[in-house]
Amino acid sequence: MQTELNNRLEGQSFYNVAGFGALISLLGLGAALYMEHNGHHVTGMNNQVFWGLPHVFAIFLIVAASGVLNVASIGTVFGKKVYKPRGPLSGLLAITMLAAGLFVIMLDLGRADRLVIAMTHVNWTSVFGWNMVLYPVFFGLVGLYIWMLMERKMYAYSKTVGVAAFIWRLVMTTGTGSIFGFVVARQAYHSAVIAPMFIIMSFAWGLAVFLIVQRMMFGWNNLELNEQIRRRMNNLLGTFIAAVLYFVVVYHLTNIYYAKQLEFEQFILLNGGVFPKLFWGGFVVLGTILPLLLLYVPSFQRIQGSGIIASVLTIIGGLCFLYVFIIGGQAYPLDMFPGMEVKSSFFDGHIDNYVPSMPEILLSIGGFGVALTITVIAVRVLPFLPQDDIAKLQASGALHD
Amino acid sequence: MNQPQDKSRRSFVGTAAIAGAGLGTLALAPGLQLIQVSEANTPTAGASSKVRWGMLIDTTKCASGCDACVKACATENGINETVKDPRQGSQWIRKIDLKNPKTGQEHSLPMLCQHCANPPCVDVCPTGASMKRADGIVLVDRHICIGCRYCMLACPYKARSLVHMPLTEQNPEVPRGQGCVESCTFCVQRVDKGLKPACIEACPEGAMLFGDLNDPNSAIAQRVAKEKTTQVRGDLQLNLGVRYQGI
Amino acid sequence: MKRMLVGLAAILLLAPVCASAGAPKPTVRIENPGQCIAPVAEMRVNHMEMLKHTRDRTMRQGIRGEKASLNECINCHASKATGTVLGKDGFCQECHTYAAVKLDCWDCHQPKAGKLNVGHAEAAGAKP
């Protein structure tokens, strides 16, 4: 029995939220124009730390975009009935977050006016070059997937496209991790474990975003998510968070084991100023331990909205991790002469003190604005709200999986 | 009016006419250099893979506190903009001062793009702007550089710089501009004319040598064959065009 | 519907007339009369292709001294008053402003004539 639900964000609230999102997006766009017109000297970036806050947010959005599609894949590819009605919303979020991430990263280019050149001149040995194919096809596949999920006549084909989208995004996120993993020059990168680490992070961050959006949509419609479904999805988030911790531990342990990487690891984990603070405080405590407590310990589970708090903390932890990973990896100087103290006019041997500037902050947040605006408009127009047929699920035993 | 009858007079008049036309062109177009007029008629053959340009730097001769090579590079390549934050300034070559913390021994050396035979910057560039010419010189094709800075992440030598501001006083032979990434070009505009890079010529200690590594008769090839040289971060096996001694 | 189409057709047909009625024609000043590397008509149509192919041959293959050399264009065509091909009465600027085609070259290339560093080897500190 399907109940007709009003899943539209009605009236003034729609215009408020969409307007807010549009305002944030426009501020981001304005900041990008300012940077493009004046050159990057108006930012806090320099020739040592040249991938700054915009890259942190953009990579978070791109990785989470791939991961949020996981929700749909669990339904389509792995056949879990509880996740099937969540497929279209998951696909929509995948598209909007990827668009948002690309918005931020492409506007931060030194020559953003050359995007057409980037798409027509492709160097196939470069992961960025692969992305010129990986991202557009992802948009196409997910768009097709959403259509097939929502169009009754095409539903039969949705599994094929769903499997294709599942495989495609594994390739895409492996690529994103390999952007760093293939870099031999830097102590923070050149590790094979970075690609699977990014895959697992995409699962965690994507699910966290999904849970928050799902909660918001149910709230707009004065609906309550079924308790068993909620607990099941929360458990899944907890599993992913634990898996992320595992990969991060392996990554750091491996680095520490190499004697020549020890100083770099000490910088990141112990004495590097903002980086250890963000790693331990942001990623480990806020982003891993607290969410795990909220999701698994009964006395914490009883807190109102514990799952959503855990999701928000996971996102914060993810951003902190990426900040340490991307910016810490650049702030620590290249080790060209092992064992030697190095000094130069180009700041060799010097730990950079990167401070994000206002244009960068506005552009980074503008990305979230773009995702919010497109999502809100799409959700207003089409029926993305997951509609659970609880009776049917209970009858088939799916709720007790 | 005159009708030359024999071939030798005809050819002489022909040559004189061409010379006259050439001088006339010069008169009509002041500012054109003679060397450019003659070059304009015969394009060069371009870079050849038979040649591999390389540099040998003897750091035992490199004087600490001397930065003649850096200044020469900046003059030659038009790196003359004023930057508010020095961390945002471009440096194609810089002097690095090394100190061994255990023994206290100090020395200095110039660091520049190493013009690797297997350049990581070329591998990672999404558009192919970062390129290696046939003769081994690694360049940035600024026509297609989108300023993504991935090459800056990939370079083990911090050789690449992003231009952070609009430029107006470029050297016409060295185009460089805002938003594109750049690095040492081995003064390709000089090398293509048979000259040496500006840093080589400026070094007062004669610590730097430039030449064709593939030519067994060149000074650099002979020294590299006889003397011990090292490559910075040789563990990466990038097969560098710049070799060092004394480190 | 029919009225809309008729109206649209009218706008499209009249647009070029209206548009060109307003914009001031470019002032093309030839500072150094003589022969360009090709006839004017051919230059107007093809100069971008010529420059593009030359730039790829010079940049990627290292071929120097081609006919369509940007520096040589500048040295000949730069305004005697301002010394550059941009700005008021700038040879490149005038037509490109009229045609509303953005000039991307000058972010990197030097538009001022006569700035060639001849003899710069000495200025750079080279010993004779």
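Summary of computed values
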| quantity | calculated |
| --- | --- |
| Filter pass, A:Thr160 being of a type in the set (Ser, Thr, Tyr) and buried (at least 21 other Cβ atoms within 10 Å of the Cβ) | no |
| Helices (runs of 4 or more DSSP H) (entirely within segment A:273-341) containing at least 1 residues that are of a type in the set (S, T, N, Q) | A:298-301, A:306-322 |
| Qualifying residue in segment A:126-143 (condition: touching a residue at least 60 places away in the same chain (Cβ under 8 Å) and hydroxyl-bearing (Ser, Thr, Tyr)) | no |
| Enumeration of residues in segment A:163-181 that are free of Cβ contacts under 8 Å to residues at least 24 places away in the same chain and surrounded by fewer than 19 Cβ atoms within 10 Å (Cβ to Cβ) | A:Ala164, A:Ile167 |
| Residue that is nearest to the other protein chains (Cβ to nearest Cβ) [pool: residues in segment B:199-223 that are under 22 Å from B:Ile93 (Cα atoms), out of contact with any helix residue (DSSP H, G or I) (no Cβ under 7 Å at 6 or more places or on another chain) and of a type in the set (A, V, I, L, M)] | B:Ile200 |
| Residue match in segment A:358-365 (condition: out of contact with any Pro (no Cβ under 7 Å at 6 or more places or on another chain) and of a type in the set (Gly, Ala, Ser)) | no |
| Among the residues listed as B:Thr82, B:Thr75, B:Thr60, the single one being surrounded by fewer than 22 Cβ atoms within 10 Å (Cβ to Cβ), of a type outside the set (A, V, I, L, M, F, W, C), in a loop (DSSP other than H, G, I, E, B) and touching a residue at least 60 places away in the same chain (Cβ under 8 Å) | B:Thr60 |
| Subset of segment C:95-112 [facing chain B (nearest Cβ under 9 Å) and at pLDDT 90 or above] | C:Cys105, C:Trp106, C:Asp107, C:Cys108, C:His109, C:Gln110, C:Pro111, C:Lys112 |
| Test set (1) surrounded by fewer than 19 Cβ atoms within 10 Å (Cβ to Cβ); (2) over 30 Å from B:Gly234 (Cα atoms); (3) among the β-branched types (Val, Ile, Thr) - A:Thr314 fails condition number | (1) |
| Hey, A:Val376 aliphatic (A, V, I, L, M), over 16 Å from A:Leu33 (Cα atoms) and in contact with a Gly (Cβ under 7 Å, 6 or more places away or on another chain) or not | yes |
| Test: residue in segment B:168-188 that is β-branched (Val, Ile, Thr) and part of a strand (DSSP E or B) | yes |
| Single unsatisfied condition, C:Lys67 versus (1) more than 14 Å from chain B (Cβ to nearest Cβ); (2) charged (D, E, K, R); (3) part of a loop (DSSP other than H, G, I, E, B) | (1) |
| In segment A:183-241, residue surrounded by the fewest Cβ atoms within 10 Å (Cβ to Cβ) [restricted to those that are touching a helix residue (DSSP H, G or I) at 6+ places or on another chain (Cβ under 8 Å), closer than 26 Å to A:Gly369 by Cβ and among the small types (Gly, Ala, Ser)] | A:Gly206 |
| Subset of segment B:190-217 [crowded, with 18+ Cβ neighbours inside 10 Å and over 19 Å from B:Thr60 (Cβ atoms)] | B:Arg190, B:Val191, B:Asp192, B:Lys196, B:Pro197, B:Ala198, B:Glu201, B:Gly211, B:Asp212, B:Leu213 |
| Scan of segment B:107-152 for residues that are at the interface with chain A (Cβ under 8 Å from one of its Cβ atoms) and polar (S, T, N, Q), ordered by number | B:Thr127 |
| Residue under evaluation A:Asp113, criteria (1) buried (at least 18 other Cβ atoms within 10 Å of the Cβ); (2) facing another protein chain (nearest Cβ under 9 Å); (3) not polar (S, T, N, Q), criterion not met | (1) |
| Near pairs, Cβ below 9 angstrom, 6+ apart or cross-chain, from segment C:29-41 (facing chain B (nearest Cβ under 9 Å) and among the small types (Gly, Ala, Ser)) to any residue that is surrounded by 10 or more Cβ atoms within 10 Å (Cβ to Cβ) and part of a loop (DSSP other than H, G, I, E, B) | C:Gly34/B:Ala29 |
| Unmet criterion (only one of (1) within 14 Å of another protein chain (Cβ to nearest Cβ); (2) at pLDDT 95 or above) for A:Trp147 | (1) |
| Segment B:98-135, residues that are of a type in the set (Asp, Glu) and outside any helix (DSSP H, G or I) | B:Glu106, B:Asp135 |
| Test: residue in segment A:89-100 that is farther than 30 Å from A:Arg230 by Cα and touching a residue at least 60 places away in the same chain (Cβ under 8 Å) | no |
| Scope segment C:75-101; condition of a type in the set (D, E, K, R), in a loop (DSSP other than H, G, I, E, B) and touching a residue at least 24 places away in the same chain (Cβ under 8 Å); matching residues | C:Lys80, C:Asp89 |
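The rows are residues; the columns are (1) among the polar types (S, T, N, Q); (2) part of a helix (DSSP H, G or I); (3) buried (at least 22 other Cβ atoms within 10 Å of the Cβ).
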| site | (1), (2), (3) |
| --- | --- |
| A:Leu29 | no, yes, no |
| A:Tyr34 | no, yes, no |
| A:His37 | no, yes, no |
| A:Asn47 | yes, no, yes |
| A:His55 | no, yes, yes |
| A:Ala58 | no, yes, yes |
| A:Val63 | no, yes, yes |
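Residues are listed down the side, and each one gets a yes or a no for (1) touching a residue at least 40 places away in the same chain (Cβ under 8 Å); (2) within 30 Å of A:Leu270 (Cα to Cα); (3) in contact with a helix residue (DSSP H, G or I) (Cβ under 7 Å, 6 or more places away or on another chain):
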site: A:Gly329; (1), (2), (3): yes, yes, no
site: A:Pro333; (1), (2), (3): yes, yes, no
site: A:Gly339; (1), (2), (3): no, yes, no
site: A:His350; (1), (2), (3): yes, yes, no
site: A:Val355; (1), (2), (3): yes, yes, no
site: A:Glu360; (1), (2), (3): yes, yes, yes
site: A:Pro383; (1), (2), (3): yes, no, no
site: A:Ala391; (1), (2), (3): yes, no, no
site: A:Gly397; (1), (2), (3): no, no, no
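The values are calculated or read from the model by the stated rules, or taken from the named source; none is laboratory data. Keep in mind that this is a model prediction, so the values were computed, not measured. All Cβ positions, glycine included, derive from the backbone under ideal geometry; neighbour counts span all protein chains shown.
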